[in-house]
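Okay, structure first, notes after.
Laboratory data are not the source of any read-out in this text; all were calculated from the coordinates shown. Bear in mind that the values here come from a model prediction, so they are computed numbers and not experimental data. Here the Cβ positions follow ideal geometry from the backbone for every residue, glycine too, while neighbour counts run over all protein chains shown.
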Amino acid sequence: MSLHVESKRNFFLVFGALMVLTMLTVYVAYFDFGAWNNVVAMAIAVAKASLVVLIFMGVRHSSPLTKLVVIGALLWMVFMVGLTLTDYETRGFLGVLGK
Amino acid sequence: MSSTTAESAIAPPKVHYLNAEHGLKSWLLTKDHKRIAILYLISVSIFFLVGGLFAGLIRLELLTPQGDLVSGDTYNRLFTLHGVIMIFFFLIPAIPAVLGNFLVPIMIGAKDLAFPKLNLGSWYVYNIAGLLGIYAMIKGGVDTGWTFYAPFSTTYSNSYVVPTALAGFVAGFSSIMTGLNFIVTIHRMRAPGMTWFRMPLMLWSSYATSLIILLGTPVLAITLLLLILERTLHIGIFDPKLGGDPVLFQHLFWFYSHPAVYIMILPAMGVISELIAAFSRKRVFGYKFVAFASLAIAVLGFLVWGHHMFTSGQSVYAATVFSVLTMLVAIPSAIKVFNWTATLHRGAISYDTPMLYALGFLGLFTIGGLTGVMLGTLGIDIHVHDTYFVVAHFHYIMVGGTILGYLGGLHYWWPKMTGRLYNRFWSQVSAITIFVGFNLTFFPQFILGFQGMPRRYWSYPPEFQVLNVLSTAGATVLGVGLLLPLFYFAASLGKKGRVAGPNPWGAIGLEWTTTSPPPTYNFEETPVVTHEAYAYEELHPEPTQKEPYLA
Amino acid sequence: MPEHSQSGALAHHFETYDQQREASSLGMWLFLVTEIMFFGGFFLAYIVYRSSFPEDFAIASHQLDVTLGAINTAVLIASSLTMAMAVRASQLAQRKAVVGFLIATMIFGGVFLGIKAVEYSAKFEHHLVPGPNFELHAEGANGEHAEGFDVGHAEMFFNFYFGMTGLHAAHMVIGIGLLIWLCFPAWKGRFNADYHNPVEVVGLYWHFVDIIWIFLFPLLYLIGFHVGH
C-alpha cells in the first residue's frame, strides 16, 4: 500500500468536531433522558473515537487488514462484555441448580 | 545412489547459524530467530524440570491416604507452583518459542521474523518473569492454586501472591511479543508463491495460536493487575464489602485461561500435521478443513469460559449457554482428528520416533478431548467438578497432547536444528516409556475423580489408595521416560555424533531445502514456491541419507 | 531496488520500504488490540458494577470536578491534533516541524498530567481515596444530603476512578517518554516518506490513549448529574 498523507485541513476539521462533541457531551449530561442517558453519552463517545480512528490514525486510508484488525478488537470486546452480562443479567432467573 | 556416496556427500555446512559467530555475547545479543529458539529451548527445559519436581513431590505425598510427607499448607504451595510453572513457563511458550521461532521464518521463506529485536526481547522478558517466579518460590511460594481465585488470593492468603502474579503478568508480555511477531511475519513476509493455502499447517496453527495470545493474554494481565492492586493499594475491585463480586474475578480470569488451553494445544496440533504428513508420505487429508478448524478453535475457544464456573454461582442460564457453546468448540478438534486419521489411511507409514509421538497424540488427545466434552456437559460437571476427573482430562490434553507434540516436533526437527542425528533405539524406548508411564499415571485419575476424590487435597479416604499408588508408579515411569532424551540428545551433539544431511526424513517443506543446520540468513536466494504444502505424490523427495539416526 | 547498506533504514530481512512500513504499522495495531483488551477488562468490571448499583456510582461521581475533566479532555484532543501533525511532518521530511509538534504534544500531555495531579490531591484531602480512610459525605444535586446510598459502593466507584485514570496516566507517562525518545532521530532528520515508522507507531499509541480518555470522561465524570432529581 502506498503512503497517504492526510491534509492539514482535515486534521483541523476533525479537531474542531472533537471539541464540539466534547462540549455537547457535557451539555447533554445536564439533561435526564432516563434510560437513554447512557446511549446518548456512548453514542457521542463512539463518534469521537471514530473520528480519531479514521482520520487521526489514518484508518480511512489503511489496508483492509488494518480495518479488519480494528473490527476484530471491537468484536472481541462485544464477546467479552456480552457473554459476561448473560451471567449478571440473568442471576435468579432459573433458580439454583440442585434445589 | 549408493549409501557410501550418499554418506560422503553429507558434510555439515562450513558456516551455519550455530558457528557463524562465537562467544556468549553473540548469543545473548543475537537477533537470529534460530539462536533465540535455542535460548528458549534451554530456558523452558529448566522450568520443565522444576515443574516436574513439584509434580514428583505431589505424587509422593499422594502415595498414602494421610497427609504425612508435607504439611497441608506446603501441599497447597506444591500444586500451585506445579501449575503456575508448567502452564506459564512451559506449556504456553514451549512449542511457539522453541519450534515456532525456529521454523516460522524458514517455512515462510523469509530471512527472519518481522521484528528480530522484539523476538530477543521476548526471551529476556520471559526470563525476568521466571526470576520473579523463582523469587516467590524461594521466599515460600504461593498457595492459592494457579487460578488465584478471589477473595482468598486478594485478602486471606498469606503467601507470596503479588510476586507470583507479577511473574505471570510479565510472562504474558513475552507471550504477546512472540504472537505479534508471528502474525506480522505470516501476513507480510511470505515468499513469492507462498499463498495462504500453500503454507504448511504448522504455520496455520502458529497463526491461530498467535491470534488467541493477542486477544486473550491482555485480559489475564488486567486480572492479575487488579489482584495486585487489591493486595497492595486496597483498590478492592473484588471486595464483597464494597459490592465486589469474586465471581467477576473468575469471569475475567477464565476469559483468558480457557483460550490459553488452546494456546497450549494448537501448536502441538500444527506439529502433528507435519509429522503425520511426513511419515505417511501423503498430503494431509482435508488440508483446508484443518486450516479453517485451527481458526475456528481460536474463535470458538473464546466463547466457552463459563464452563469452568458451573458450580461457582454464575446464573444457570449463562451456564446453559456456555455448555452449548462448549459442545461447538469440540467440533473443529474432532475434524482435525478425523483428517489426520484419513491421512494415515493408505499412507506409506514408517514408525520413526516422531511418528510414534504423533500416533500417541492421536489416541491420547482423543481421550482428553472426549472427556472434555463430558466435562462441558453441565449435569456431569456438577458431579465431577474439582475432582481428579478434571485433573485427568487436562493432563491427557496437556501431556498426552501438547508434550507429545512438543517431543515429536523436537525429534523431527532436531537434525535440522543441530545438524546431528540421535540414537534410534533409545529414542523409541523413551517414546514408549512416556506413553506407558503417562497412561498409568493419569488413567486411574479418571476413575478416582468419578468416584469422588477431590483435587487439591493432601489427604484422601483409604479406599482411593490403590489407584493413587498406581498413579504414582506411573509418574515414576513417566519421569524416567522424560529424562531419557536429555542423554541421547546430548550424545548426538558429542564427538561420536553423526552428521545429518539437509533432509534425513525425505520430507517436503522449505526447511528441508536448507542445510542442517541452516545458514544464519536461512536461504541463499529467496525461494519461490510453486507447489502445495505436502505434495508427496508429485515430488517424491528422497532422504539425504539411508538411516536418519545415530545408530 | 533499495540499498540495504546505504541509508541503513531498511532492515536486512525486508525487501522494500513499503513492506517494512506495513509490517511496523500492523505490529503497532496488533499491540493496540492487546491494549484494547487490557483496558477492556477494566471497562467490563465497571459495566458490571455500575449496572448493579447505578445510583451509588452516580452519587460518587458527583464528587468529581467536571470542569477539570472537560479541560483535560480538550487538552488531550489538542495533543492528538499535534501528534497527527507530527506524523504528517515526518512523512514530508519536515525536520523542524516534526520536533516542534512532538514537543507541543509533550506539553499538552504534561498539562494533562498536571491537572490530574491537582485532581488527585483534592481527592486525598477529601478522604476519597479507597482504603481505611475513605469517607463520603454525599449531596444531592440541590445540595441536600442524599439518603440511602451505600458508602461501600461509592468507594468501589473510586476504585475505578483511581484504577482506570491511574492506568491511563501510566500510559501517558510512557507515551511522553516515547515522544522524548523520538525527538533525537527527528532532530537528525532521519524521517522521510520512506521511513517514518517510529513516529507513525508512537502516533497510533498516543491516539489510542486519547481514545481511552474519550470513554473514561463520560463514564466517570458525567454520570452524577441526576442525583436527587
Compare the Cα positions of B:L220, C:L30, C:L68 along the charge dipole of the protein assembly as shown (+1 at Cβ of Lys, Arg; -1 at Cβ of Asp, Glu; about the Cα centre) and return the one farthest towards the positive end. C:L30
Set the Förster radius R0 to 60 Å, insert the Cβ-Cβ distance between C:I103 and B:Q451 as r into 1/(1 + (r/R0)^6), and round the FRET efficiency to 0.05. 0.30
A:R60 and C:E135 label points (each 7 Å along its Cα→Cβ direction) are spaced in nm at 5.3 nm
Debye calc, one equal point scatterer per Cα of chain B, no solvent, log10 I(q)/I(0) at q = 0.06, 0.08, 0.09 1/Å comes to -0.28, -0.51, -0.65
Run the reach check for B:K31 against aspartates and glutamates, Cα to Cα strictly under 15 Å, same-chain hits fewer than 8 apart removed. What comes back? B:E21, B:D112
Taking every pair of Cα atoms in segment B:325-478, average 1/r, invert it to obtain the Kirkwood radius, and report Rg/Rh to two decimals. 1.03
The simple spin-label model distance between B:V373 and B:V15, using points 7 Å out along Cα→Cβ, in nm, is 5.6 nm
Under a cut-off of 29 Å between alpha-carbon atoms, report the lysines in cross-link reach of A:K8, not counting same-chain residues fewer than 8 places apart. A:K48, A:K67, C:K96, C:K188
Compute a Gaussian network model of chain C, connecting alpha carbons closer than 10 Å, and tell me which residue from C:F38, C:F160, C:F57 fluctuates the most. C:F38
Which whole number gives the average count of other chain Cβ atoms within 10 Å of the Cβ atoms across peptide B:320-330? 1
Average beta carbon contacts from partner chains per residue of A:44-56, 10 Å cutoff: 5
Given charges at beta-carbon only (K, R positive; D, E negative), |dipole| of segment B:31-539 in Debye: 1160 debye
Principal axis extents for segment B:66-146, Cα atoms only, whole Å, descending order, please. 58, 23, 16
Evaluate E = 1/(1 + (r/R0)^6) for B:Y317 and C:T16, where r is the Cβ-Cβ distance and R0 equals 35 Å; express this FRET efficiency to the nearest 0.05. 0.05
Using amide H atoms built in the peptide plane, which far-off residues or other-chain residues are under 5 Å from B:T387 H to H? B:R455
Where N is the number of residues in the protein assembly as shown, Cα Rg divided by 2.2 N^0.38 Å: 0.99
Hydropathy first: keep DSSP H helices in chain A averaging at least -0.5 on Kyte-Doolittle, then drop any whose Cα extent along the axis falls short of 30 Å, and list what survives. A:8-29, A:64-88
Hey, what do the phi angles of segment B:442-458 turn into as Karplus ³J(HN,Hα) couplings, whole Hz, using 6.51/-1.76/1.60 and θ = phi - 60°, x for Gly and Pro? 9, 5, x, 5, 4, 5, 4, x, 5, 7, x, 6, x, 7, 6, 9, 8
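Where does chain C land at 222 nm, in deg cm²/dmol rounded to the nearest 500, when only DSSP H runs of n ≥ 4 count, each adding -39500 (n - 2.57), divided by all residues?
About -25000 deg cm²/dmol.
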Note the angle between two axes, namely the Cα long axis of helix C:197-216 and the longest principal axis of the Cα atoms of chain C, as a number of degrees from 0 to 90, rounded to the nearest 10. 10 degrees
Can you run phi through the Karplus equation (6.51, -1.76, 1.60; θ = phi - 60°) for segment B:240-247 and list ³J(HN,Hα) in whole Hz, with x for Gly and Pro? x, 5, 9, x, x, 10, x, 5
Can you give the net charge of the other residues whose Cβ lies under 12 Å from the Cβ of B:D32, counting K and R as +1 and D and E as -1? +3
Taking θ = phi - 60°, what integer Hz values does the Karplus form 6.51 cos²θ - 1.76 cosθ + 1.60 yield along segment B:178-183, in sequence order, with x for Gly and Pro? 5, x, 4, 4, 5, 4
Please work out, to two decimal places, the log10 of the ratio I(q)/I(0) at q = 0.11, 0.15, 0.19 Å⁻¹ from a Debye calculation in which every Cα of segment B:147-292 carries one identical scatterer. -0.55, -0.79, -1.05
With Kirkwood's inverse mean 1/r over C-alpha pairs for Rh, give me the Rg to Rh ratio of segment B:291-393, two decimals please. 1.07
Under 5 Å between amide hydrogens, which residues at least 5 positions from B:L421 or on another chain qualify, with H placed 1.01 Å from N in the peptide plane? B:R498, B:A500
What do you get for Rg/Rh over segment B:424-485 if you use C-alpha atoms and the Kirkwood form of Rh? 1.10
Among the listed pairs B:K14/B:K495; B:K25/B:K496; B:K139/C:K123, give every one whose C-alpha distance is greater than 25 Å. B:K25/B:K496; B:K139/C:K123
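Distances over 17 Å make up what percent of all Cα-Cα pairs in chain A?
Here the tail beyond 17 Å accounts for 68 percent of pairs.
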If you line up the long axis of helix B:388-397 against the longest principal axis of chain B, both from Cα atoms, how many degrees apart are they, to the nearest 10? 20 degrees
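Quote the FRET efficiency, to the nearest 0.05, computed for C:S51 versus B:Y156 with a Förster distance R0 of 25 Å and r equal to the Cβ-Cβ distance.
Working: r = 28 Å, r/R0 = 1.12.
Computed FRET efficiency for C:S51 and B:Y156: 0.35.
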Residues with amide H under 5 Å from that of B:S159, placed H, sequence gap 5 or more: B:D143
Can you give the net charge of the other residues whose Cβ lies under 9 Å from the Cβ of B:A507, counting K and R as +1 and D and E as -1? -1
C-alpha center-to-center spacing [segment B:229-278, segment B:44-74] in angstrom: 24 Å
Residues of type lysines that B:K282 reaches as a straight line, Cα spacing below 25 Å, ignoring anything fewer than 8 places off in the same chain: B:K336, B:K416, B:K546
For B:P163, what is the net charge nearby, where nearby means another residue's Cβ is under 12 Å from its Cβ and Lys, Arg count +1, Asp, Glu -1? +2
Where does chain B land at 222 nm, in deg cm²/dmol rounded to the nearest 500, when only DSSP H runs of n ≥ 4 count, each adding -39500 (n - 2.57), divided by all residues? -21000 deg cm²/dmol
At a 10 angstrom cut-off on C-beta neighbours, averaged per residue, how do the peptides C:186-198, A:69-81, C:83-95, A:31-43 rank from highest to lowest? C:83-95, C:186-198, A:69-81, A:31-43
